[in-house]
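Trainee: Can you keep this structure in mind? I'll have questions shortly.
The numbers here are math on the coordinates, done by the rules we state, and not lab data. Note that the structure is predicted; figures quoted are calculated from it, not measured. Neighbour counts are summed over all protein chains in view; Cβ atoms, including those assigned to glycine, are modelled from backbone coordinates with ideal geometry.
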Amino acid sequence: MILIFKYIFPKRYIGLTLWPVIILKEQNLKHDEILINHERIHLQQQLELLILPFYILYFFEWIVGFIRYKSFHKAYRNISFEREAYQNEHRLDYIENRRLWSFVRYIFNAS
């Protein structure tokens, strides 16, 4: 399910996935296949971690990244879940071919 709600997003962000919903900043983003694929990757990650552990790990990785990089954005971009989603968002068949727990290989490969 995709919802439009523009008031919760900081400037740089246009999409958010909170199981089982993808929330977008603007209606026209529903047609952005790359963005939707990125968010679908997050849905799969959340599902395989039984949802709550995903958010705990996500937040933990962000805190560690912020301490390491001293940058909100760089910490966000180095979260393993984001790294997997950004690296594979252009592969529109990625979800169908994705292996279980694929995000794990991105944990220790921060940039």
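Trainee: Under unit Cβ charges (Lys, Arg +1; Asp, Glu -1), what dipole magnitude, rounded to 20 debye, does the chain have relative to its Cα centre? Write out the running numbers ahead of the final one.
Mentor: On the way: 15 positive and 11 negative charges, 96 e Å.
Using only the charged Cβ atoms, the result is roughly 460 debye.
Trainee: Right, here's the next one. Out of residues 5 or more away from Leu18 or on other chains, whose amide H comes under 5 Å of its own, with H placed 1.01 Å from N in the peptide plane?
Mentor: Ile23
Trainee: Same structure again: Sum -39500 (n - 2.57) across every DSSP H segment of at least 4 residues in the chain, then divide by the residue count to get the 222 nm mean residue ellipticity, nearest 500.
Mentor: -14500 deg cm²/dmol
Trainee: With the contact rule set at Cα under 8 Å and sequence spacing of 6 or more, what percent relative contact order holds for the chain?
Mentor: Answer for the chain is 21 percent.
Trainee: Taking θ = phi - 60°, what integer Hz values does the Karplus form 6.51 cos²θ - 1.76 cosθ + 1.60 yield along the stretch 27-41, in sequence order, with x for Gly and Pro?
Mentor: These are the phi-based 3J(HN,Hα) values: 4, 5, 6, 4, 9, 7, 4, 5, 4, 4, 5, 4, 5, 5, 4 Hz.
Trainee: Let me ask something else. Kindly write out, for the stretch 47-60 in residue order, the coupling ³J(HN,Hα) from the Karplus curve 6.51 cos²θ - 1.76 cosθ + 1.60 (θ = phi - 60°), rounded to whole Hz, with x marking Gly and Pro.
Mentor: 4, 6, 9, 6, 6, 4, x, 4, 5, 5, 5, 4, 5, 4
Trainee: Using θ = phi - 60° and the Karplus relation 6.51 cos²θ - 1.76 cosθ + 1.60, list the HN-Hα couplings for the stretch 89-106 in order, rounded to whole Hz, with x at every Gly or Pro.
Mentor: 5, 7, 8, 5, 9, 4, 4, 5, 9, 5, 7, 4, 6, 4, 5, 4, 5, 8
Trainee: Additional query: For the chain, compute Rg over Rh where Rg is the Cα radius of gyration and Rh is the Kirkwood radius from the inverse mean 1/r over Cα pairs. Don't skip to the answer; put the middle values down first.
Mentor: Values: Rg = 13.6 Å, Rh = 14.4 Å.
Rg divided by Rh gives 0.95.
Trainee: Just to confirm my numbers, what's the Cα centroid distance between the stretch 72-111 and the stretch 49-71 in Å?
Mentor: Rounded to whole Å, the Cα centres lie 13 Å apart.
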